[in-house]
Each structure stands twice: as structure tokens, then as C-alpha cells.
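What follows is one structure encoded as C-alpha cells, with my remarks underneath.
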Amino acid sequence: MALAVRVLSGAYHDSVKLMRISAAASGRPGVRGAVALMGTPMNLEQLAASGLLAEEAKGAGPNDLVLVVEATTPEAAQEELTMMEAALTAPRTGGGAGALANLAAPTLDAALGKDPAINLALFSIPGPSVRREAERALRKGLHCLIFSDNVPVEDEVALKRMGRERGLLVMGPDCGTAHIGGMGLGFCNVVRPGGIGIAGAAGTGIQEAMAAVDAAGGGISCALGTGGRDVTDEVCGLAMIQAIEALTEDSATEVLLVLGKPPEPAAMRKVLETASRCAKPVVIHFVGGRSEDVLAHSGLHAADSLADAGRLAVSLSGGQAEATPLEVGTDARARIAEWSREKDRGRRYLRGVYTGGTLCAEAQAIVGKTIEGIRSNAPLDKAGGEMADPMSSEGHAVVDLGDDLFTRGKPHPMIDPAPRSARIVQEARDPETAVVLFDVVLGLGAHEDPAGEAARAIEEASNPNLLFVASVTGTGGDPQGLSAQRARLAGAGALVADTHAGACLAAAAALDGLGE
């Protein structure tokens with residue numbers, strides 16, 4: 001193997017862009033591995049641990065870009081390195097929204113000088129640097145979307161308080177999804193304009209609800225992510241409360257949809273009190289939470305799942321969304337019965353393999369009503385629900401591959417689905433695995449063919465003893481093609497549900513012996 005390295009001094013690029021460049025390069029013939037990252041101490045340490053820290057990169061600093069390629073020949077490594085460098089300045093596309101021009105501006109002041117109408121700054125930088133840079137943006141009157149993680153909680157609280165004082169919204173840290181002014185930011189689906197506004201402490205939760213809204217014929221006015229930590233008592237729902245207030249005042253928003261995992265007690269009280277003061281209909285769904293907590297406040301509507309929340313919002317906005325009972329359909333029942341007759345009785349466990357953290361939580365909430373003892377690296381039940389080893393499943397287990405443990409220094413699995421494919425095969429080869437449940441998430445920022453990658457993993461692990469159950473979160477406008485993605489998975493032998501909740505119910509029914 002040959003190693004090629006290039007260090008570009010002072011050439012900062014955001015982590016999402018670098019993840020995509022790394023993933024694209026790693027997938028080409030003759031390339032064993034490719035990495036594009038900033039020369040932070042943590043990143044250099046990870047390069048050293050993987051054996052890719054060449055001498056040329058050892059002196060790189062946090063503001064230097066490091067490109068590393070390991071390929072079959074020196075020529076292939078150098079060629080790929082050149083392609084990666086060219087990709088750094090290639091024009092971006094809007095994933096259906098038209099071409100987006102690159103604004104060549106080395107500083108915030110330079111960017112504002114070129115376009116004074118800019119009113120939002122998106123941060124994808126090392127967590128320890130976020131507070132300083134976001135404070136500068138807030139002082140200049142910019143709303144902030146912070147994609148970065150590893151931001152100290154005291155910095156998050158300080159930034160959100162500063163934003164509120166100035167009438168500016170701080171979304172994040174770890175905010176992966178938003179839809180503002182008709183533009184999807186981060187991981188976001190292509191949706192119709194409409195009257196439903198979303199405030200969510202849940203990235204893929206927002207996407208699943210968006211997909212349900214779209215399927216029911218509704219549209220989105222705005223979707224504001226807050227970051228999952230916002231609804232802890234430490235942060236106390238600062239961004240969630242501000243997002244609800246903003247959507248309440250927004251003339252384009254007719255119905256509010258509030259999503260997330262269950263807030264901690266103090267945050268829950270403040271969020272529900274704020275929502276109950278809204279003069280517009282408000283649908284609330286906290287994954288794994290209790291509907292009674294929501295319905296105790298007059299004027300609030302509770303939903304049974306993320307998809308149900310989206311449908312209910314459409315219905316309240318005057319749309320024709322039908323109430324769909326949360327149950328296993330006739331076709332799925334027949335498929336489960338057929339599989340149940342063939343399966344090895346020694347196979348008895350659920351293995352969930354997830355790219356979406358909120359969907360991983362919803363799997364625990366829905367399947368957990370039927371099957372006890374589900375463990376996860378991101379457990380809903382903090383007391384006793386933790387996996388002993390996230391790298392190796394035991395018993396019933398669902399794994400969030402988007403967790404920091406799996407993504408530190410690597411592309412998110414929604415960008416590079418290879419780790420998910422490997423985990424699907426790993427779980428399928430375990431003689432105790434009966435059902436493999438997984439998500440596929442489409443939209444802007446995601447891999448161009450995630451279902452195709454998952455289908456190849458299913459085909460590699462093909463075994464009549466296994467039942468593969470999948471959901472595809474997306475809309476008809478997404479660049480990957482919703483119908484084609486579902487058809488690819490079905491063609492590989494997966495049972496494909498219309499919603500993630502439907503997939504969870506099918507998996508629970510199979511494990512509960514339905515059809516035996």
C-alpha cells in the first residue's frame with residue numbers, strides 16, 4: 001500500500017464538507033482509505049492510532065487541512081489526493097434547490113461585507129472554539145445554527161441566554177436538521193411549503209415527522225432544531241421555548257409540531273407551559289414519553305409516534321390526513337408468518353442498526369412495549385438500559401451508529417453508510433439474531449444511495465432464518481428517490497414499512513411470535 005499526504009496551511013473547511021469528501025474518496029477503486037480533516041490534536045491522535053499519521057502531517061495545526069490517502073499504488077494515491085483537493089473548491093449544489101454560489105470570504109466580517117443581508121451563521125468547527133465564534137456572530141445580529149458537538153454545556157447555556165437577550169435563536173450544539181426560508185440545512189428532506197412549523201430536539205425525528213407531513217399532502221413553514229441537550233434541566237429548554245414563541249408569531253405557521261426525547265422535569269414543565277399559551281393548535285410527541293403529561297395542559301394534542309405526529313398536524317391544519325391506526329398491516333403479517341415457519345428456533349433476538357439517534361430511541365419505545373430487556377448505546381432507560389459493549393451486541397440490542405463513539409474523526413453513517421452495512425452483516429452472522437431492524441434516511445446531505453448500500457449488506461448476509469425489517473424516511477422530492485429506495489430494499493428481501501413506527505411494530509410482532 002502507498003500513502004500520500006498533503007497539508008494545506010490555513011485552509012479551514014467545515015466538518016460536513018470534509019466528511020463527504022472523505023467518504024467519496026474512500027469509495028473509489030484502488031483506495032483503501034481517505035481522510036480529510038483539520039489538524040486538531042484529537043484528529044492527529046486518531047490518525048496516529050489508525051497508522052495514517054505520516055511525517056508530513058505531524059506539524060499540522062488546528063487551522064491546517066490534512067489530506068491523507070492510502071491506495072494500492074503511489075500513482076493512485078497521488079491522483080486521489082489531487083481529486084480531493086479539487087473537491088474542496090467545487091461548486092456546491094442545492095440538492096434540487098438550484099446551484100448555490102460559494103461566497104469566498106475568509107472571515108465573518110468579509111462575508112457580511114459582501115452580503116449584508118446574511119442573518120444566520122452555521123458552525124461546524126471544533127466544540128471548544130464554538131463559544132468564541134458564536135458570540136461574535138450574535139454580536140453582529142446573526143442567528144446561529146451549531147452543527148458542532150463536544151461543546152461544554154455551560155457554553156451552550158451562555159450562548160442561548162445571549163441569543164435570547166438579543167432576540168436571536170441559537171440552534172444546537174449538535175443540531176443536525178433545520179428548514180428555514182425554504183432552505184434545508186444539515187440533514188434535511190425536500191418538502192413542500194405549507195403551514196406546519198416544527199420545533200424539535202431531534203434531528204431524524206424532525207425528518208420522520210416531515211416525511212409524514214409530506215406523505216399526507218401537507219407542507220412545512222419552518223423547522224427549527226434545538227440540539228438534544230436543550231431539553232435537559234441544565235439548559236432547561238431555552239431554544240425550544242424560543243422556537244415555540246417564534247413559530248407562534250410566524251404568520252406562515254398554522255400548526256406547531258413539537259418533537260424530541262422526553263425533556264427532564266424542569267425543562268418539560270417550561271416547554272409545556274409555553275406551548276399551552278400558543279393560540280394555534282400544538283401537537284407534541286416526546287419519544288418514549290407519556291401522553292398524559294401533554295394532555296394535562298389544555299389545548300395540546302398528543303401523538304403516538306413521530307409519523308402520527310406529522311399526520312395529526314396536517315389534519316389540524318385542515319388537510320385530509322387520515323387517522324392511521326398503529327398496527328401491523330395484512331401484507332406484513334403474512335410475510336412474518338411465512339418467515340416464522342422457516343426460522344431457526346434458536347434465533348430469538350432483535351438487533352437494531354441505526355443511523356438516526358431519535359429513530360433508535362423510537363425503536364426502543366415501540367418495540368419495548370412488547371419485548372423487554374432491549375439495550376442500547378443510547379438508552380431511553382438510563383437505569384440499566386446501557387449496552388455492555390456497543391461494538392458487540394448481546395440479547396435484544398439497538399445501536400445508534402451516529403453516536404460520538406462511532407463518528408469521532410469519521411463521516412456520519414448518513415454520509416458514509418459503510419459502517420452500517422458492516423454492522424448489519426455482523427448482526428446477521430450472529431446465530432442468536434432473529435430480526436434485524438434498521439433505518440434508511442434520505443434527503444439533502446445524505447448518501448446518494450443509502451438503500452442500495454443496505455441492500456448489498458442484506459444480500460451478503462442472506463439467510464432464511466433472518467427477517468430484515470426496514471423503514472425509509474424521505475419524501476418524493478428527495479434526490480435519492482423515495483420509491484426507488486424502498487423498491488431496492490424490498491428487492492433484496494427486506495420487509496419495508498411505510499413509516500418507522502410501522503417497521504418497529506412489524507419487528508415486535510415477529511419477535512412476539514405472530515404467525516406461529
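The values are calculated or read from the model by the stated rules, or taken from the named source; none is laboratory data. For clarity, every value in this text was computed on a predicted model and none was experimentally measured. Backbone-built Cβ (ideal geometry, glycine too); neighbour counts: all protein chains shown. Calculation scope for accessible area: heavy atoms of the full protein, side chains included, ligands and nucleic acids excluded. Shrake-Rupley method; radii C 1.70, N 1.55, O 1.52, S 1.80 Å.
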Query raised in the report: Given the residues GLU234, GLU249, which is the only one that is touching a residue at least 24 places away in the same chain (Cβ under 8 Å), open to solvent by 10 Å² or more (accessible area, probe 1.4 Å) and at negative phi?
Result: GLU234
Query raised in the report: Restricting attention to the stretch 252-266, which residues are touching a strand residue (DSSP E or B) at 6+ places or on another chain (Cβ under 9 Å) and on the phi < 0 side of the Ramachandran plot?
Result: ALA252, THR253, GLU254, VAL255, LEU256, LEU257, VAL258, LEU259, LYS261, PRO262, PRO263
Query raised in the report: Of the numbered conditions (1) open to solvent by 10 Å² or more (accessible area, probe 1.4 Å); (2) under 18 Å from GLY197 (Cβ atoms), ARG290 satisfies every one except a single condition; which is it?
Result: (2)
Requested in this report: Starting from the stretch 482-505, keep only residues that are within 20 Å of LEU326 (Cα to Cα) and β-branched (Val, Ile, Thr), then list their pairs with residues that are part of a helix (DSSP H, G or I) and open to solvent by 40 Å² or more (accessible area, probe 1.4 Å) whose Cβ atoms are within a distance under 9 Å, requiring at least 6 positions of separation or different chains.
Outcome: VAL496/ARG486; VAL496/ALA487; VAL496/ALA490; THR499/ALA215
Query raised in the report: Among the strands (runs of 3 or more DSSP E) confined wholly to the stretch 239-344, which include 2 or more residues that are polar (S, T, N, Q)?
Result: none
Requested in this report: Kindly state which helices (runs of 4 or more DSSP H) lie completely within the stretch 102-180 and contain at least 1 residues that are closer than 23 Å to PRO41 by Cα.
Outcome: 127-139, 153-165
Report task. Report, ordered by the first and then the second residue, all pairs with beta carbons closer than 6 Å, sequence separation of six or more or different chains, a first member in the stretch 351-380 that is within 11 Å of HIS500 (Cβ to Cβ), and a second member that is of a type in the set (Ser, Thr, Tyr) and open to solvent by less than 20 Å² (accessible area, probe 1.4 Å). Result -> GLY356/THR204; THR358/THR204; LEU359/THR204; CYS360/TYR354
Query raised in the report: Could you count how many residues in the stretch 186-235 are among the charged types (D, E, K, R), within 20 Å of VAL153 (Cβ to Cβ) and either in contact with a Gly (Cβ under 6 Å, 6 or more places away or on another chain) or not in a loop (DSSP other than H, G, I, E, B) (or both)?
Result: 2
Requested in this report: Would you mind stating whether ARG192 is surrounded by fewer than 24 Cβ atoms within 10 Å (Cβ to Cβ) and over 23 Å from MET414 (Cβ atoms)?
Outcome: no
Query raised in the report: Taking the stated definitions as given, is LEU8 buried (at least 16 other Cβ atoms within 10 Å of the Cβ), within 25 Å of GLY127 (Cβ to Cβ), of a type in the set (A, V, I, L, M) and under 26 Å from the mean Cα position of the chain (by Cα)?
Result: no
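Answer yes if at least one residue in the stretch 300-313 is open to solvent by 50 Å² or more (accessible area, probe 1.4 Å) and of a type in the set (D, E, K, R), and no otherwise.
yes
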Query raised in the report: Which of (1) in a helix (DSSP H, G or I); (2) open to solvent by less than 20 Å² (accessible area, probe 1.4 Å); (3) farther than 18 Å from GLU208 by Cβ is the odd one out, the single condition ALA506 does not satisfy?
Result: (3)
Query raised in the report: From GLY225, GLY203, GLY219, GLY195, which residue is modelled with pLDDT under 95 and at negative phi?
Result: GLY203
Report summary line: Listed by first then second residue, the pairs whose first member lies in the stretch 144-173 and is touching a residue at least 40 places away in the same chain (Cβ under 8 Å) and at positive phi, whose partner is part of a loop (DSSP other than H, G, I, E, B) and open to solvent by less than 10 Å² (accessible area, probe 1.4 Å), with beta carbons under 7 Å and at least 6 positions apart or on separate chains, are GLY172/GLY227
Requested in this report: Taking the options ALA101, ALA54, name whichever one is at pLDDT below 80 and exposed (fewer than 14 other Cβ atoms within 10 Å of the Cβ).
Outcome: ALA101
Requested in this report: Looking only at the stretch 270-279, decide whether some residue is crowded, with 19+ Cβ neighbours inside 10 Å, within 20 Å of ASP308 (Cβ to Cβ), among the small types (Gly, Ala, Ser) and touching a residue at least 12 places away in the same chain (Cβ under 8 Å).
Outcome: yes
Report task. Starting from residues that are open to solvent by less than 20 Å² (accessible area, probe 1.4 Å), over 22 Å from ALA211 (Cα atoms) and in a loop (DSSP other than H, G, I, E, B), keep the ones in the stretch 452-491 and report whichever is modelled with the lowest pLDDT. Result -> ALA461
